[in-house]
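Input: a single structure, listed below in structure tokens.
Read the figures in this text as sums done on the coordinates, not as results from a lab. For clarity, every value in this text was computed on a predicted model and none was experimentally measured. Every residue, glycine among them, receives a Cβ derived from its backbone with ideal geometry; neighbour counts consider all protein chains shown.
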Amino acid sequence: MPLLHPVRSRLVAAFLFAACTRPALCADYKGTMDWECCGTGFRLTVPQEPGKRTPAKEITLQLFQGCPGRIALELLVSQGRLAVDAELCETGTKRCEKATAAKIFIDSVSKNGKHATGNFTADFPTGGHKEGGFKVKYHHEGPKPICE
């Protein structure tokens, strides 16, 4: 006797496919975002590869949104791939590598602007190609910057 009825198995497969097309449910990278005077910075934790003992790494994406007075992140949802500055760093060290090319796509921003999802691609000279979906929440350390 089959484990699932054929109709039920199709429904389960359809549900799993639909769930994983939503970045919030299948985000490869998680992290934080912070608003700055001229843009938004995203800090994403690079997931460890199973079975490998490598140093923890982090990808920083810097989205320029105009200066002074940045464009609201909500207005960039589904506006295509946007060029960003990117760095791949070993967590806790000053060893970083700048990307040769990087782009970001914002899928959604919450109503209060405190959460965002999307995906990115970045190419690093020695770190290779990194890409994936991300889910970030707003986090700011220290005093707010004074923008002029």
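Here the stretch 24-138 is treated with +1 on each Lys and Arg Cβ and -1 on each Asp and Glu Cβ, and its dipole about the Cα centre works out to around 240 debye. Taking label positions 7 Å along the Cα-Cβ direction at both Thr93 and Glu131, the computed distance is 2.8 nm, reported to one decimal.
Ordering Gly132, Gly118, Leu82 by the projection of their Cα atoms onto the charge dipole of the stretch 69-148, which places +1 on the Cβ of Lys and Arg and -1 on the Cβ of Asp and Glu, puts Gly118 at the extreme positive end.
Derived scalar couplings between HN and Hα for the stretch 89-94 equal 10, 7, 4, x, 10, 9 Hz in order, rounded to whole Hz, by the Karplus curve 6.51 cos²θ - 1.76 cosθ + 1.60 (θ = phi - 60°), x for Gly and Pro. Proximity of backbone amide H atoms, modeled 1.01 Å from N, is registered between Val46 and Lys57, Glu58, Ile59 at under 5 Å, excluding neighbours fewer than 5 places apart on the same chain.
Here the stretch 103-118 is scanned for amide nitrogen atoms under 17 Å from the site 7 Å beyond the Cα of Asp34 along Cα-to-Cβ, giving 114-116. This ranking places Ser108, Ser78 by how few other beta-carbon atoms lie within 10 Å of each, fewest first, which gives Ser78, Ser108. Database remark: amide H of Phe124 closer than 5 angstrom to the amide H of Thr100, His129, Lys130 (H placed geometrically; neighbours at sequence offset of 5 or more, or on other chains; Pro and chain starts carry no H). Under the convention that each Lys and Arg Cβ holds +1 and each Asp and Glu Cβ holds -1, the size of the dipole of the stretch 73-132 around its Cα centre is about 120 debye. Model label sites at Asp123 and Cys147, defined 7 Å from Cα along the beta-carbon direction, differ in position by 3.2 nm. Residue-normalised convex hull volume from the C-alpha trace of the stretch 24-138: 105 Å³ per residue.
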